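Just below is one structure, and these are the notes that go with it.
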Amino acid sequence: MTRALGWLATLGLIGGLVMGFGVAPREVTQGNVQRIMYLHVPTAWVAYLAFGIVFFASIGYLWTRSDAADRLARASAEAGVIFTGVTITAGSIWGKPTWGTWWTWDARLTSAAIMFVMYLGYLLLRGIIEEPEQAARYSAVLGIVAALDVPLVHFSVYWWRTLHQPPTVMKPGPVNMPPAILAALLVNVVAFTLLYTYFVVKRVNTLRREHEVLA
Amino acid sequence: MRFARRAWIVVWKDLTIEGRSKETLNALLFFSLLLLFLFQFALGPDRERLASVLPGLLWLGFILSGLLGLGRTFVGERENDCWDGLRLAPGDKSAIYLGKLAGNLLLMLLVETTLLALFAVFFNVDIGPAAPGLALVVGLGTIGLAAIGTLFAAMTAQVRARELLFPVLLLPVQVPVLLGTVKATEAVLLGEPLGAVAHWLRLLAAADVVYVAIGVLTFDFILDG
């Protein structure tokens, strides 16, 4: 079952590569650099999905005290941090040729960066507490705080950057997407969601076996 | 009414201890003064330049002294092995949270008022006309900072490397509060009407409500081992 999911994700990623490099046309103004979008946008979506699942799994844990919910929260947070890292790195590489800088305190960049450090802190807390039940309880509370903080961070950073600075030409990508580009993007979104699911299932299984061995 | 009374007992206990030892308040006031010196030394004596970064410096000072003060919320319980006492206290544990939060608010507002007065003297700022607006912004910001700070202090009290973990967890979560308060303080000090920063004040109020609600709802899980 897990293996099938892994193969499905692999197929999806291959399909995504074919769509991104073969089917989707070369973007007129940015050229081939724009193809980073097929990595950048899906990983960003998966990161938000992952942290959303951490939120619900955390509530689930506090509600039922089921170890399965805790393992799901942990696995999802780990995957989410990885995907946020990929999003930021890909965005940074994309930013250099299009905006002329690796990093700018643009609203969405900043909120992604804050989300990244917030969940790094979550993993740090998990790593530092040795007692598993205490680690699960504390990180569930932190998972709820962090998830509810994300919208606040988003709004504050958006106002911080946009009300006092007029929007610059810092919006990459075409505004109206041609169908081929949109299709390539969607294939990649599905592929990366499958990859995320595979990571989480695999990690949850490992955590469960770890638990069984130690118990 | 029983609930309010239980919260008050926690406040009263902490205030009595602090009133007799004065260790946290005295050290924090001294720390604030040192921060002021540090800012002066690091940024040079140019008053014009200092004035332009004043709101940021002010909140940096509040947050740094807040980190030290809030981190000590449960030091008394931990050092005197009274953690189980808190856990065994009858009734809803959120009363303990609200009591601790009220005590922290009082402590932080005292330190912040002092720091503000020191800034006014050393940087030659006239805060008189801005005082009502400033009080609102400082109040809203401090509630947000203390609400999450109190919760995280409980979370890190029993954990290894707590001095390190506490700021690392608290700072990213406090970004909205920091941005909102700095922007609103800037506007208030420039004499702009509060309406100009209404969106920031609403954000701060929303953050306060969310943070206090999370604290009340989840504190039980932190305390109850």
Residue satisfying all of: in region A:101-124; outside any helix (DSSP H, G or I) and hydrophobic (A, V, I, L, M, F, W, C); farthest from the other protein chains (Cβ to nearest Cβ) among these: A:102
Among the residues listed as A:98, A:89, the single one being over 14 Å from residue A:139 (Cβ atoms), in contact with a helix residue (DSSP H, G or I) (Cβ under 8 Å, 6 or more places away or on another chain), assigned to a helix (DSSP H, G or I) and of a type in the set (S, T, N, Q): A:98
All positions within region B:197-224 that are among the β-branched types (Val, Ile, Thr) and either surrounded by fewer than 16 Cβ atoms within 10 Å (Cβ to Cβ) or within 18 Å of residue B:133 (Cα to Cα) (or both): B:197, B:209
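If we keep just the residues of region B:207-224 that are more than 15 Å from the chain's Cα centre (by Cα) and more than 7 Å from chain A (Cβ to nearest Cβ), which is farthest from residue B:139 (Cα to Cα)?
As a first pass, look at region B:207-224 and keep what is more than 15 Å from the chain's Cα centre (by Cα): B:209-210, B:213-214, B:216-224.
Next cut, more than 7 Å from chain A (Cβ to nearest Cβ) only: B:209, B:213, B:216-217, B:219-220, B:223-224.
Values: B:209: 13, B:213: 17, B:216: 19, B:217: 22, B:219: 23, B:220: 26, B:223: 27, B:224: 30 Å.
Step by step, filter region B:207-224, then rank; the result is B:224.
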Residue match in region A:192-215 (condition: modelled with pLDDT under 90, exposed (fewer than 13 other Cβ atoms within 10 Å of the Cβ) and among the small types (Gly, Ala, Ser)): yes
Residue check, residue A:127 out of contact with any strand residue (DSSP E or B) (no Cβ under 8 Å at 6 or more places or on another chain), part of a helix (DSSP H, G or I) and farther than 28 Å from residue A:190 by Cβ: yes
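Looking at residue A:156, is it among the hydroxyl-bearing types (Ser, Thr, Tyr) and touching a Pro at 6+ places or on another chain (Cβ under 7 Å)?
Values: among the hydroxyl-bearing types (Ser, Thr, Tyr): yes; touching a Pro at 6+ places or on another chain (Cβ under 7 Å): yes.
Yes, satisfied.
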The listed residue being under 26 Å from residue A:110 (Cα atoms) and at the interface with chain A (Cβ under 9 Å from one of its Cβ atoms), out of B:172, B:167: B:172
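Report, by residue number, each residue of region B:80-90 that is exposed (fewer than 10 other Cβ atoms within 10 Å of the Cβ) and either assigned to a helix (DSSP H, G or I) or among the aromatic types (Phe, Trp, Tyr) (or both).
Our first condition is that a residue be exposed (fewer than 10 other Cβ atoms within 10 Å of the Cβ); within region B:80-90, this holds for B:81, B:88, B:90.
Result: B:88, single match.
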From B:187, B:213, B:207, residue being farther than 25 Å from residue B:125 by Cβ and touching a Pro at 6+ places or on another chain (Cβ under 9 Å): B:207
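The values are calculated or read from the model by the stated rules, or taken from the named source; none is laboratory data. None of the values given here were measured: they were computed from a predicted structure. Here the Cβ is made from the backbone with ideal geometry for all residues, glycine too, and neighbour counts use every protein chain on show.
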